[in-house]
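Reading through the structure tokens given below for one structure.
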Amino acid sequence: YRRQRQMCIRDSKPVLSSSISWKKVDNENKPLACSQWQLTRTKDEKGAPVSGQAWAVNDNASNANCSFQNSGLQNKQDVDSAGGSFKVNDLPLGTYTIEEVRAPDGYAVSTDRYKAEVVLDAASASTGVTVKDAFINYPSVKTPESLPRTGGSGIGLPAGIAAAIIAFGCALLRRQRA
């Protein structure tokens, strides 16, 4: 029993963790609630690639009625209750990407700043890392499925009537000559 206990003590070392914070705003720099993100750990604390470590992060806006589709990923909780502000705690050290996967209703996912890469190291373990620039969404421009008709029936009907009158006139002329 004592030998097993020593092995546990020898093999156990404190596991450091940190946090990542970021902001979501509209094109007027106003906080924008109800977006959904994918947080992916791509490397461990030594820089070795890792796989299969991705989570969904849903905006925890207390003043908005957000609904999210199931992303198929486990959720990491956003502990910041302000709309458009995110903070995810208890992340193992390593390299992460933050990617917006669903913009709030009426907005499009930004193509200008699609992903951010964040490195959590021992120096950031107590303070966390805040992404400096906010992610910006612009209102969606929706194109109608069919454009409304404008200006009436067009030239088709008047041209058809004119052709009928000319044909009738030609027929009358031939009759008078015959």
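May I ask you to verify whether residue 73 is open to solvent by less than 70 Å² (accessible area, probe 1.4 Å) and touching a helix residue (DSSP H, G or I) at 6+ places or on another chain (Cβ under 8 Å)?
Numbers: open to solvent by less than 70 Å² (accessible area, probe 1.4 Å): yes; touching a helix residue (DSSP H, G or I) at 6+ places or on another chain (Cβ under 8 Å): no.
Here the answer is no, as residue 73 does not meet what is asked.
Modelled with pLDDT under 95, within 18 Å of residue 20 (Cα to Cα) and open to solvent by 30 Å² or more (accessible area, probe 1.4 Å), is that true of residue 123? The answer is yes for residue 123. Within the range 41-70, the set of residues being open to solvent by less than 30 Å² (accessible area, probe 1.4 Å), closer than 29 Å to residue 123 by Cβ and either of a type in the set (Val, Ile, Thr) or in contact with a Gly (Cβ under 9 Å, 6 or more places away or on another chain) (or both) comprises 41, 56, 57, 59. In the range 82-116, which residues are of a type outside the set (Gly, Ala, Ser) and free of Cβ contacts under 8 Å to residues at least 60 places away in the same chain? Matches in the range 82-116: 95, 97, 109, 111, 112, 113, 114, 115.
If you go through the range 96-103 one residue at a time, do you hit one that is over 23 Å from residue 140 (Cα atoms), modelled with pLDDT of 95 or more and crowded, with 19+ Cβ neighbours inside 10 Å? Within the range 96-103, one or more residues are over 23 Å from residue 140 (Cα atoms), modelled with pLDDT of 95 or more and crowded, with 19+ Cβ neighbours inside 10 Å.
The values are calculated or read from the model by the stated rules, or taken from the named source; none is laboratory data. The model shown is predicted, which means the values in this text are computed figures rather than measured ones. Neighbour counts run over all protein chains shown; Cβ positions are idealised from the backbone, glycine included. Accessible surface is based on the protein model in full, side chains and every heavy atom, while ligands, DNA and RNA are left aside. Shrake-Rupley method; radii C 1.70, N 1.55, O 1.52, S 1.80 Å.
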